[in-house]
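The values are calculated or read from the model by the stated rules, or taken from the named source; none is laboratory data. Being a predicted model, the structure only gives us computed values, none of them experimental. All Cβ positions, glycine included, derive from the backbone under ideal geometry; neighbour counts span all protein chains shown. Surface accessibility is based on the protein's heavy atoms, side chains included, excluding ligands, DNA and RNA. Shrake-Rupley method; radii C 1.70, N 1.55, O 1.52, S 1.80 Å.
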Amino acid sequence: MDDEDCERRRGECLDEMLDLEKQFQELKEKLFRERLNQVKVKLDEVLTGKAGEYREPLAALQNSMQIRTQVAGVYRELCLQVIKHKHECEVQGARQHLESERTLLKDAMKTELLEKIRRLEEDRQNIDLTSEWSDEMRGKKCKRKNFLGRSERKKKVALVSGPFIVYMLKDIDILEDWTAIKKAKALSPLKKKAEICLSER
């Protein structure tokens, strides 16, 4: 080939190369537009919730949400039951404490009232017994004086036949024994009445 043929061939090759480059650019632009349209379509499907790639993970998320919601509901019910049981225990404890304190208060008031009744009865019995004892002692003294006066007037000796007991107790000892006997007799019915009144309360 001479120089002219080489130049001509060279020109033809350049023209073919330019044409190929042009076609390549056109194909590249076309491919870019198609891919861009595909992405836009996929984006629209995702936004509308129609894309398969979006719906499958969404379904998994929704399933997980339902499970966690059920677990939260069960946990809530358990917490409510625990709170209810604690409340019932607190109420029961408060009632038992109230009953215990009420019983202790009742027993304390009963003991205090019985003690007051006993003291009042002792005071009343002491007053009554002292007055009765004084009256009896005065009566005995009068009788003794009368008896001594008569014995001196008659000047006769009294004879005692059969067994007899000589009491060597003092008057104060006799008074104490008599007071104890009278208190025991007087306090027994009053104590029963007080216990009946307190039990009715």
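Some observations on this one:
- Given (1) open to solvent by less than 90 Å² (accessible area, probe 1.4 Å); (2) more than 34 Å from the chain's Cα centre (by Cα), index of the condition M65 fails: (1)
- Scanning the stretch 121-128 turns up one or more residues that are open to solvent by 90 Å² or more (accessible area, probe 1.4 Å) and at pLDDT below 95.
- Of the candidates L27, L80, L36, L47, the single residue that is surrounded by 10 or more Cβ atoms within 10 Å (Cβ to Cβ), modelled with pLDDT of 90 or more and under 59 Å from the mean Cα position of the chain (by Cα) is L80.
- Residue match in the stretch 57-76 (condition: at pLDDT below 90 and part of a loop (DSSP other than H, G, I, E, B)): no
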